[in-house]
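Visitor: Please find one structure pasted underneath; my questions will follow.
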Amino acid sequence: MQISAYQHGIYPRSETVVAATRDLERNRTSAQEVETRFREDEEAFIAVQREARLDYFSDGLLRWQDLFRPLVDSSPAMRAQKLVRWFDNNSFFRAPEVGDLHPAGGIAPTVFALNGELPQPRVATLPSPYLFSRAAQGTDIDRDALMLVLARNVLAPVAGSLAGSGYRVVHLQEPWLPFFGMDEGAWDPFQAALRTIKAEIAGRAALVLHLYFGDVGAHAERLRRLPVDAVGFDFVETDLESLGRDWEIGVLAGCLDGRRSLVESVEGTVAFARLVAETLNPPTLYLSSTTDLELLPLAVARRKVLRLGEAIRRLRDELT
């Protein structure tokens, strides 16, 4: 079993970055000052990943206002519209309004700005096609058709570009399915959308679909047959025993709670990760957090990343 760890999603910004961006909006500072502060945050996040000795490096999406905005802003066929609550959290995103999408191969270099400085191997976080299609603005949208268009013309080109520039894991976040469910008729388009993205990066990067904000045990048999390299679970919400045994594809164990400030013990994290490995017996096991760490205080998020590194090293020692 291959075992590795990485931190996905949006990482919290420092107070200095938050203050600088606010000052820029009020014409109290310069764009260069804001850039300097962002660079400091990015370097600090790289440093904590190095200290934790994680297997893949992320830029923490520190410049992303939400999971969709850079993709939307980089495409002339999309616009960021009204503020919408991000599920049951005290945070918001701007719902994408989608027009006539064309292939968007030029997006990746602009939204992943650290390509030159980020150590390799790298992990990138993107919205899953199902989440993207359901979060989009409008009432008369054929959302299953939109899911396929987004996969073909936005997500697959971006993922392909990333795979060509040192990214070895493409992590798709999917909270919509666990939180709201999925209609029977959407499963086939969902599989087709994932297959499109996977085909673009096959042999170059692993595709991980991460489900969180809900219990997905009822979907276990469908999930284990999806055309991805690994499926991730929020084990705060999903009971391990509901997922069956002997998975044919990889598993990401979300075992550090991204919505609680309590930092889990090394012993408890390792014991649970070992239980996941023994129960599901996947060919590949990734360890990470249940969700982004964005909503946690920066000091707590840093401790969680370091704890993740401690846990993966001890787990390897125990399983080898």
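What follows is calculated from the coordinates using simple rules that are stated; it is not laboratory data. The structure presented is a predicted model; accordingly, all values stated were derived computationally and were not measured. In this analysis, Cβ positions are derived from the backbone assuming ideal geometry, glycine residues included, and neighbour counts consider all displayed protein chains.
Visitor: Test of understanding: ordering S161, S58 by Cβ neighbours within 10 Å, fewest first, what list do you get?
Guide: S161, S58
Visitor: Could you calculate the contour length gain from T36 to R316, that is, 0.36 nm times the residue separation minus the distance between their Cα atoms, to one decimal place in nm?
Guide: Length gained between T36 and R316: 97.0 nm.
Visitor: Another question about this same structure. Between L262 and N27, what's the calculated FRET efficiency when r is the beta-carbon distance and R0 is 41 Å? Round to 0.05. Don't jump to the answer; show the numbers that get you there.
Guide: Working: r = 40 Å, r/R0 = 0.99.
The pair L262/N27 has a calculated efficiency of 0.50.
Visitor: Apply the Karplus parameterisation 6.51 cos²θ - 1.76 cosθ + 1.60, with θ equal to phi minus 60°, to every residue of the range 40-46 and state each ³J(HN,Hα) to the nearest whole Hz, in sequence, with x for glycine and proline.
Guide: Taking θ as phi minus 60°, the curve returns 4, 5, 5, 5, 5, 5, 4 Hz for the range 40-46.
Visitor: In nanometres, what is the gap between the two model label sites at D246 and A271, each 7 Å from Cα along Cα-to-Cβ?
Guide: 2.9 nm
Visitor: Hey, another quick one. So what are the three principal axis dimensions of the range 194-276 from its Cα atoms, in whole Å, longest to shortest?
Guide: 39, 26, 22
Visitor: Report, please, the projected area of the range 54-95 averaged over directions, based on the convex hull of its C-alpha atoms, in nm².
Guide: 4.2 nm²
Visitor: Apply the a/c threshold of 1.5 to the C-alpha gyration tensor of the range 170-212 and tell me whether it is rounded, prolate or oblate. Walk me through the numbers on the way to the answer.
Guide: Numbers: a/c = 4.63, a/b = 1.54, b/c = 3.02.
Taking the square roots of the gyration eigenvalues as a ≥ b ≥ c, the range 170-212 is oblate.
Visitor: Name the long-range amide H neighbours of D234: under 5 Å, sequence gap of 5 or more, or other chain; modelled H, no Pro or chain starts.
Guide: Residues meeting the criterion, in which the H sits 1.01 Å from N, are L211.
Visitor: Can I ask one more? For the range 129-171, list residues with backbone N below 16 Å from a point placed 7 Å from the Cα of F92 toward its Cβ?
Guide: Flagged as within label range: 137.
Visitor: Can you tell me the convex hull volume per residue for the range 9-100, based on C-alpha atoms, in Å³ to the nearest whole number?
Guide: 138 Å³
Visitor: Here's another thing I want to ask about it. Could you size up the charge dipole of the chain around its Cα centre, putting +1 on the beta carbon of Lys and Arg and -1 on that of Asp and Glu, and report it in debye to the nearest 20?
Guide: Working: 36 positive and 44 negative charges, 118 e Å.
Rounded to the nearest 20 debye, it is 560 debye.
Visitor: Could I ask something else about it? Considering all projection directions equally, how large on average is the shadow of the alpha-carbon convex hull of the range 191-230, in square nanometres?
Guide: Working: hull surface 12.0 nm².
In nm², the orientation-averaged hull projection of the range 191-230 is 3.0.
Visitor: Could I ask something else about it? Collect residues whose amide H, placed 1.01 Å from N in the peptide plane, falls under 5 Å from the amide H of T125; neighbours closer than 5 in sequence don't count.
Guide: Under 5 Å from the amide H of T125 lie the amide H atoms of G9, H171, each far enough along the sequence or on another chain.
Visitor: For G250, what residues show an amide H to amide H distance below 5 Å, using hydrogens built from the backbone and excluding near sequence neighbours?
Guide: Amide H to amide H, under 5 Å and 5 or more residues apart or across chains, G250 pairs with A230, V231, T284.
Visitor: Let me ask something else. Taking the chain as a Gaussian network, where each spring joins two C-alpha atoms under 10 Å apart, which residue of H219, H171, H210 fluctuates the most?
Guide: H219
Visitor: Moving on to the next point. So, with +1 on the Cβ of K and R and -1 on the Cβ of D and E, and no other charges, what is the size of the charge dipole of the range 137-296 about its Cα centre, to the nearest 20 debye?
Guide: 620 debye
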